[in-house]
Amino acid sequence: MKIEVNRESSKPLHLQAEEFLRRLIDEEEYKNGKLLPKEIELSKQFNISRNTLRQAINKLVFEGLLVRRKGYGTKVARKGFVGGVKNWLSFSQEMKMLGIKIKNFELFIGTQKVYKEVADFFNVEVDTRCLKLERVRGSEEYPFVYFISYFNPSIPLTGEENFNIPLYELLEHNYDIVVKTSKEEICARLAGDFIADKLEISPNDPILIRKRFVYDINDVPIEYNIGYYRADSFTYTLEAQR
């Protein structure tokens, strides 16, 4: 395939690279599992910097079209693995696709009486005790998200489970709970002292707050999750078609 990056075009180079990559990964050889050329080779073909190329690749990774594995390479994701808002991912899956090794900086497990919003979601009385999981997670270099999860009290979680493994794998393996649907709310605010301390940022730095309401295959509410993300480390993409 001929590569034509037009430096005189008003379209940014990373968008031109993205368009080429979309055509490339649609070719049969890449659909069948062939690895994409190495970044250094592609950047030379495009005559653009590796950072510009990586910006295009990252967009396709976020969309679930590409899978990147450190020390292995980048390849086309299997059909149906991810795609748009309806095919949501767990945090561990998102990071795995981006080739980011996750580190738990803090992990706390206990039971707590739930407030009204959580009680309403699980359809239980206010002050019902639910298992609460708090985790500060990030890359090897620094933390970038603080999660709080409450679980439906009908799930016989003990708190002794291994929460270092992917959460939804744990629920399926230990309790035959298969999660299916995630409804989300996203907003932004300043970090404040408490979250700033967790994420090692300034109280006046911006954060993104992502609420997830997770249901199983029978539409039973399973998890009420709030994630506080460093705004400089998290991008949420949406695509709408008409």
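The values are calculated or read from the model by the stated rules, or taken from the named source; none is laboratory data. Because the structure is a prediction, the values reported are computed rather than measured. Note: ideal-geometry Cβ built from the backbone for every residue, glycine included; neighbour counts use all protein chains shown. Protein only, heavy atoms only, side chains kept; ligands, DNA and RNA dropped before computing areas. Shrake-Rupley method; radii C 1.70, N 1.55, O 1.52, S 1.80 Å.
Rounded to the nearest whole Hz, the Karplus-based 3J(HN,Hα) values (6.51 cos²θ - 1.76 cosθ + 1.60, θ = phi - 60°) of segment 187-197 follow the sequence 8, 10, 6, 7, 5, x, 5, 5, 5, 4, 5, with x at glycine and proline. Potential lengthening of the chain between Glu106 and Arg129 amounts to 6.1 nm, from the contour at 0.36 nm per residue minus the alpha-carbon distance.
A cut-off of 5 Å between modelled amide H atoms, ignoring neighbours fewer than 5 places along the same chain, links Ile222 with Val214, Tyr215, Asp216. Separation of segment 159-222 and segment 101-123, taken as the distance between their Cα centroids, equals 8 angstrom. At q = 0.08, 0.10, 0.15, 0.17 Å⁻¹ the log10 of I(q)/I(0) for the chain amounts to -0.38, -0.58, -1.14, -1.34, computed by Debye summation with a single uniform scatterer per C-alpha, solvent ignored.
Pull out the extension gain between Phe213 and Thr181, defined as 0.36 nm times the separation in residues minus the alpha carbon to alpha carbon distance; nm, one decimal.
Between Phe213 and Thr181, full extension yields an extra 10.7 nm.
Between Glu141 and Arg50, what's the calculated FRET efficiency when r is the beta-carbon distance and R0 is 25 Å? Round to 0.05. Computed FRET efficiency for Glu141 and Arg50: 0.80. Quick one: which residues, 5+ away or cross-chain, put their amide H under 5 Å from the amide H of Phe144? H built at 1.01 Å from N. Those lying under 5 Å, H to H, from Phe144 are Arg137, Gly138, Ser139. For segment 91-230, the relative contact order works out to 21 percent when only alpha carbon pairs closer than 8 Å and six or more residues apart are counted.
In this model, which of Lys70/Lys198; Lys31/Lys180; Lys44/Lys70; Lys113/Lys211; Lys59/Lys183 are farther than 24 Å apart at the alpha-carbon? Long pairs (Cα-Cα over 24 Å): Lys70/Lys198; Lys31/Lys180.
Heavy atoms of the protein chains alone define the surface here; on that basis segment 13-76 has 56 Å² accessible area per residue at 1.4 Å probe size.
What does the charge count near Val136 come to, summing +1 for each Lys or Arg and -1 for each Asp or Glu among other residues with Cβ under 12 Å from its Cβ? With Lys, Arg at +1 and Asp, Glu at -1, the neighbours total +1.
Relative to the Cα centre, what is the charge dipole magnitude of the chain, using +1 at the beta carbon of each Lys and Arg, -1 at the beta carbon of each Asp and Glu, and rounding to the nearest 20 debye?
Numbers: 37 positive and 36 negative charges, 191 e Å.
So the dipole magnitude of the chain works out to roughly 920 debye.
Label separation (Lys113 vs Phe194): 1.7 nm, computed from points 7 Å beyond Cα along the C-beta direction. Distance between the pseudo-spin-label points of Asn162 and Asp120 (7 Å out from Cα toward the beta carbon): 3.9 nm. Taking amide H atoms as placed 1.01 Å from N in the peptide plane, the amide H of Ala191 lies under 5 Å from those of Asp205, Ile207, each 5 or more residues away in sequence or on another chain.
Highest average first, the peptides 214-221, 226-233, 69-76 ordered by how many other beta carbon atoms sit within 10 Å of their residues are 226-233, 214-221, 69-76.
Residue separation of Ile40 and Glu169 scaled by 0.36 nm, minus their Cα-Cα distance, works out to 42.9 nm of gained length.
In order along segment 41-52, the Karplus-derived 3J(HN,Hα) couplings, from 6.51 cos²θ - 1.76 cosθ + 1.60 at θ = phi - 60°, round to 6, 5, 5, 5, 4, 7, 6, 10, 6, 5, 5, 5 Hz, and Gly and Pro are given as x.
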